[in-house]
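Let me begin by presenting the structure, written as structure tokens, before commenting on it.
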């Protein structure tokens, strides 16, 4: 019994740390864009390439073999991996960062967390699930929660820029695609291998838009370097590795529920670190969105 308790506690620590690193990593990215003038295109290119290499390197060390390359030996997996890399990994990473740059990490993270709602709507449209009264209530409350978050109760003007809103919506939709499309790859290969390659491929593609080496580091302070290192190592690589490894100790439902710490840490760290103001109606909208995410995790597989 004690052994099982210790394993469960290990899983809880992993998922809480991973989700917290993700949330704080978003706020750290916000700081880099707003205060240090880091270019979002360069940041996405660098983050994806380094994180992809780190994940694949760790996977090779842990497996002690070149299993990470087997995904390329299967012709049926090559095209899905490239599609997942560009329309899943790249789009979700870039749109999330673009939403942060145009708005803030808290709003961007909450908009991205609408992904389960998009998945629900997709399942209903495709006929995999019948539309029920509970589904209609979830969708309606999602709209209400999002409007409160974006308007703070005043419909005369948005509390966030339209650019941040659009990128945030794209981020949520692309995360839904990322989640659904990844299943065919994860049935045959480990998640670390799939995501590691997806990050590396997406990073290589982003280098066409903005190469990693095209950056002026002369004006960087020690703080800039440390925050940048945190977003890549802790906010991306370690966050994902811990979150995935928590599945070895916890059920997927528990991991999903505990993962809602991410938007909470993004909001709290933004308020404390960046002095981000939140209106009372925005807080209500945030609570409503988090409640719906938790409800969907509890009610559905």
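The values are calculated or read from the model by the stated rules, or taken from the named source; none is laboratory data. This structure is a prediction, so every number in the text was calculated from the model and none was measured. Every residue, glycine among them, receives a Cβ derived from its backbone with ideal geometry; neighbour counts consider all protein chains shown.
Worth pointing out:
- Candidate set from segment 220-256 (those that are buried (at least 17 other Cβ atoms within 10 Å of the Cβ) and not in a helix (DSSP H, G or I)); member that is modelled with the lowest pLDDT: 250
- Every listed requirement among (1) at negative phi; (2) in a loop (DSSP other than H, G, I, E, B) is met by residue 84 save one, (2).
- Of the helices (runs of 4 or more DSSP H) lying entirely inside segment 105-205, those containing at least 3 residues that are within 13 Å of residue 95 (Cα to Cα) are 105-112, 162-181.
- Per-region count, segment 191-209, residues touching a residue at least 40 places away in the same chain (Cβ under 8 Å) and surrounded by fewer than 17 Cβ atoms within 10 Å (Cβ to Cβ): 3
- Yes/no for residue 159 being in contact with a helix residue (DSSP H, G or I) (Cβ under 8 Å, 6 or more places away or on another chain), loosely packed, with under 13 Cβ neighbours inside 10 Å and either modelled with pLDDT under 85 or more than 27 Å from residue 268 (Cα to Cα) (or both): no
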